[in-house]
Amino acid sequence: MSRSRSSVPDWLVWVVGGTGELAPARRARVPGWLFVVGAVATLVVLPSSHVGGADAAGVIALDAAGLALGAALVAWTKDPPGRAIEVLLALGTLWTGGLVYLLHSPRGSVYALFLWFAPVAFAILPTRRALGLLVLAAAVSAVVRVATHSSGPSWLADDAGQWFVLTVTMVVLCLLVDRLARSLGQRDRLFRGAFDQWSVAMSITDGASRWLAVNPAASAMLGRSADELIGRGAREVLHPDDVESSEAARQELLRGEATTSVHEERYLRPDGSVVHALTTLSPIRSGPKGEPVVLGLAQDVTQQRRAEGHRLHLVRQLLRAQEQERARIADDVHDDPLQSIIAVSIQLQILASRVEDPASMSLVEAMQRSTAASIEQLRALLFELHPPALQLGGLLESLREYLRRYEGIGGPKVRVDGHLDSDASPEEAMVLFRVAREALANVHKHASATDVSVLVTEADGGVEVVVSDDGVGFDAGAEHLAPGHVGLASARERAERVGGRVEVESSPGNGTHVRAWIPRIPS
């Protein structure tokens, strides 16, 4: 039965552990190599055989015919018809017998006939057919020994016992080869079955990232047949943004710098759709020509990524709704309570201009200070509810404006630095601004720091804000229990809601680093 190109290649079975069962096209090469090696060996022993004349010419002619047939079989790539392999092995047995006869080497005939073709037959043919070849080899051996012995049939009396022992030995050897071949064949079938039937996409690529084998699951995932993929470079169907990282991972494995690589790749299908795959790569000892190759397992996670994208879209809508509600509340506070308190402040100023009694004046001034403080607190609340710079100036400008207010209420001076190739979206800026604000509030309340910095950068396909201080620090492992640090847990939840993270590095006496990262939120 022929093997489809989606099946695991024979050389991989050899690498994993044994020769196993060869595909028909591969089996045709086995007798070919036997012919070639036998012909070369004959040319080597011919000068020392003292054969001349017509016999020497016959050996050379027969040897040349075997060499030509062997070379043709080695180059053969198609499945041979019918029982061609059995015929080739039988022909090889007769060919070897003819060479032994012409070389006048009766004792060597047993070794040549049995050791050369018969045991090999048990490795690549069903047992019954291989037994037929064994019987043919024994018969040809006997005929050659009779024909080449100087005393004719008297050889039976001379060394029949030796011939019988050698024959039994070769039979045992053939049966052992048969047992081994069947054992390896079973393992071969199990391995091929696992490769072809596993629901996870499996592939093998060479050092140039060309596919050597793919299973049906890989073909289905990529939307291409095995014939379309084998021999083609993996980079040809990878998403352009993933080619460099994927190639780097493969080369690292091939150089022996890593034993496995797990990462996500995107592939382009013929219909233009994108497939997300969680890929695990591992090196294999050697390929069909001794070169290192890479075995890949890929799990299609496209649906999960679509679900994640939908979730982030909903999160974006939620964030926008929250900010709209914050803006509405800020407008309400600005238009009613704040304006009312400002009106009270103006009335107090008028009253102060009319009061002459020192005791009454002292009371009015106290009321003015209280009113001014309330106005400032309300303005700070308005800024925290809805910083205008988030919509107008972006994340960096919002942080700078907040820090001006932060330093104005007694907070330590803070350095702000950073650069973004493209500014954070309003939703991204909202999340990071509030995480940074919480971290800075903790610095002001607990850190007793003299050196504080805020760094805004792009990292890992997202935006990162790092707030660092040289303050007293705390046990980061128990931050959820530390009084006054509950806001860090809230900040972490806020970042995780959009697929991000907040990491806190701190220890008593060594300051604190709060690192917040969120991915770019898709539109």
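Would you check if there is a residue in the stretch 75-87 being in contact with a Phe, Trp or Tyr (Cβ under 7 Å, 6 or more places away or on another chain) and either within 30 Å of Ala201 (Cβ to Cβ) or at pLDDT 80 or above (or both)?
Residues of the stretch 75-87 in contact with a Phe, Trp or Tyr (Cβ under 7 Å, 6 or more places away or on another chain): none.
Scanning the stretch 75-87 turns up no residue that is in contact with a Phe, Trp or Tyr (Cβ under 7 Å, 6 or more places away or on another chain) and either within 30 Å of Ala201 (Cβ to Cβ) or at pLDDT 80 or above (or both).
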Restricting the stretch 190-211 to residues that are of a type in the set (A, V, I, L, M) and touching a helix residue (DSSP H, G or I) at 6+ places or on another chain (Cβ under 8 Å), the one surrounded by the fewest Cβ atoms within 10 Å (Cβ to Cβ) turns out to be Val200
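Checking the structure you have, find out if any residue of the stretch 423-435 is more than 19 Å from Val498 (Cα to Cα) and not charged (D, E, K, R). Quick ask: steps written out before the conclusion?
Within the stretch 423-435, the first condition is being more than 19 Å from Val498 (Cα to Cα), and the residues that meet it are none.
Checked against the condition, which is being more than 19 Å from Val498 (Cα to Cα) and not charged (D, E, K, R), the stretch 423-435 yields no hits at all.
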Single match in Gly92, Gly193 (criterion: at pLDDT below 80 and under 53 Å from the mean Cα position of the chain (by Cα)): Gly193
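For the stretch 338-351, enumerate the residues that are closer than 26 Å to Ile409 by Cβ and either more than 60 Å from the chain's Cα centre (by Cα) or outside any helix (DSSP H, G or I) (or both).
Of all residues in the stretch 338-351, those closer than 26 Å to Ile409 by Cβ come to 338-346, 348-349.
Result: Gln339, Ser340, Ile341, Ile342, Ala343, Val344, Ser345, Ile346, Leu348, Gln349.
Whether any residue in the stretch 381-396 is closer than 30 Å to His263 by Cα and touching an Asp or Glu at 6+ places or on another chain (Cβ under 7 Å) is what I want to check.
Our first condition is that a residue be closer than 30 Å to His263 by Cα; within the stretch 381-396, this holds for none.
Checked against the condition, which is being closer than 30 Å to His263 by Cα and touching an Asp or Glu at 6+ places or on another chain (Cβ under 7 Å), the stretch 381-396 yields no hits at all.
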Where residues in the stretch 38-48 are among the β-branched types (Val, Ile, Thr) and closer than 17 Å to Tyr101 by Cβ, which of them is surrounded by the fewest Cβ atoms within 10 Å (Cβ to Cβ)? Val45
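Go over the candidates Leu432, Leu403, Leu381 one by one and state the one that is part of a helix (DSSP H, G or I), within 20 Å of Ser490 (Cα to Cα) and modelled with pLDDT of 80 or more. Reasoning before the result, please.
Working: Leu403 fails: within 20 Å of Ser490 (Cα to Cα); Leu381 fails: modelled with pLDDT of 80 or more.
Unique residue meeting the criteria: Leu432.
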Can you tell me which of Glu365, Glu397, Glu356 is outside any helix (DSSP H, G or I), at pLDDT 75 or above and not hydroxyl-bearing (Ser, Thr, Tyr)? Glu356
All but one of (1) assigned to a strand (DSSP E or B); (2) more than 16 Å from Ala491 (Cβ to Cβ) hold for Val465; state the number of the condition that does not hold. (2)
Give me the pairs, please: first residue somewhere in the stretch 49-69 and more than 10 Å from Leu102 (Cα to Cα) and in the same structural domain as Leu103 (by TED's automatic domain parsing), second residue anywhere and among the hydroxyl-bearing types (Ser, Thr, Tyr) and assigned to a helix (DSSP H, G or I), beta-carbon distance under 7 Å, and either six or more positions apart or on two chains. Asp63/Thr42
Options Ala298, Ala258, Ala277; residue that is at pLDDT 85 or above, among the small types (Gly, Ala, Ser), surrounded by 11 or more Cβ atoms within 10 Å (Cβ to Cβ) and in contact with a Phe, Trp or Tyr (Cβ under 7 Å, 6 or more places away or on another chain): Ala277
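Here's the yes/no breakdown for (1) acidic (Asp, Glu); (2) more than 35 Å from the chain's Cα centre (by Cα); (3) modelled with pLDDT of 85 or more:
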site	(1), (2), (3)
Ala459	no, no, yes
Val465	no, no, yes
Asp470	yes, yes, yes
Gly477	no, no, no
Gly500	no, no, yes
Glu503	yes, no, yes
Ser506	no, no, yes
Trp517	no, no, yes
Asp242 versus (1) of a type outside the set (A, V, I, L, M); (2) surrounded by 15 or more Cβ atoms within 10 Å (Cβ to Cβ); (3) touching a Leu at 6+ places or on another chain (Cβ under 8 Å): which is the lone unmet condition? (3)
Quick check on my filter: what residues within the stretch 70-82 are more than 14 Å from Val36 (Cβ to Cβ) and either free of Cβ contacts under 8 Å to residues at least 24 places away in the same chain or in a helix (DSSP H, G or I) (or both)? Pro81, Gly82
Could you please give the count of residues in the stretch 251-273 that are under 24 Å from Gln304 (Cβ atoms) and either of a type in the set (Ser, Thr, Tyr) or in a helix (DSSP H, G or I) (or both)? 4
Suppose the filter is closer than 27 Å to Asn510 by Cα, of a type outside the set (A, V, I, L, M) and either part of a strand (DSSP E or B) or at pLDDT below 80 (or both); does Ser422 pass it? no
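Tell me the residue from Leu319, Leu312 that is within 30 Å of Gln377 (Cα to Cα) and in a helix (DSSP H, G or I), please.
Working: Leu312 fails: within 30 Å of Gln377 (Cα to Cα).
Only one candidate qualifies: Leu319.
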Members of the stretch 442-465 found to be within 12 Å of Leu399 (Cβ to Cβ) and hydroxyl-bearing (Ser, Thr, Tyr), listed by number: Ser453
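Return the only residue of Ala429, Ala459 being of a type outside the set (D, E, K, R) and surrounded by fewer than 19 Cβ atoms within 10 Å (Cβ to Cβ). Talk me through it step by step, then tell me what you get.
Working: Ala429 fails: surrounded by fewer than 19 Cβ atoms within 10 Å (Cβ to Cβ).
Going through Ala429, Ala459 in turn, just one is of a type outside the set (D, E, K, R) and surrounded by fewer than 19 Cβ atoms within 10 Å (Cβ to Cβ): Ala459.
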Would you please name the residue that is modelled with the lowest pLDDT, looking only at residues in the stretch 216-234 that are in contact with an Asp or Glu (Cβ under 7 Å, 6 or more places away or on another chain) and surrounded by 18 or more Cβ atoms within 10 Å (Cβ to Cβ)? Pro216
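The values are calculated or read from the model by the stated rules, or taken from the named source; none is laboratory data. Please read these numbers as outputs of a predicted model, since none were measured by experiment. Ideal geometry is used to build each Cβ from the backbone, glycine not excepted, and the neighbour counts take in all protein chains shown.
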